[in-house]
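Laboratory data are not the source of any read-out in this text; all were calculated from the coordinates shown. What you are looking at is a predicted structure, and each value in this text was computed from that prediction instead of being measured. Reconstructed Cβ throughout: ideal geometry from the backbone, glycine too, with neighbour counts over all protein chains shown.
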């Protein structure tokens, strides 16, 4: 469901990361994994609403992983809003107009930083739990791609169907081995470049 020729997100983009599923434990702290998969979220700002979306399974919340995710999802020069996490500190050097925001957790009347990214992650979690009742880690990226496809075409369902037919007709089928691989499109990238 991913068009290899799709355009990167542009303009103003919110970027965040979050954990999916897993069991609840006594761990405290914003980025303690406890076996939960970490997902990068990038969404275009369109007025008070959300534009196009990108989701990617991440190995960790390091600067290398986060900068790689942003570089593969967002056009160079775009204004990228993030939280104050140090893993985003390399975005300016990577060619983005980076604007970090601090979340003030102690104030009850605060406005949420990155509301579109948080909404997308919340909708993803609800969709995975409600529709699929959870998914395995090895297949998670395929479900993320489906969610992105649906989100990006939510206003035009017929266009989504036509796009899906076009993708199926123009591209080789995806093998099960490619579905399980985190970067499934690497075979196609090797063939094209």
Per the rule of 0.36 nm per residue minus the C-alpha distance, extending residue 46 to residue 85 adds in nm 11.6 nm
Using the number of other C-beta atoms within 10 angstrom as an exposure proxy, rank 143, 176, 88 with the fewest first. 176, 143, 88
Label-point separation (nm) for residue 10 and residue 150, each offset 7 Å from Cα along Cα-to-Cβ? 2.8
Fewest first, what order do 139, 118, 133, 98 take by the number of other Cβ atoms within 10 Å? 133, 139, 118, 98
Residue 71-residue 102 pseudo-label distance in nm [points 7 Å out on the Cα-to-Cβ vector]: 3.0
Label point distance in nm, residue 64-residue 93, each placed 7 Å from Cα along Cα→Cβ: 1.3
Subtract the Cα-Cα distance of residue 167 and residue 137 from 0.36 nm times their separation in residues, and report this length gain in nm to one decimal. 8.3 nm
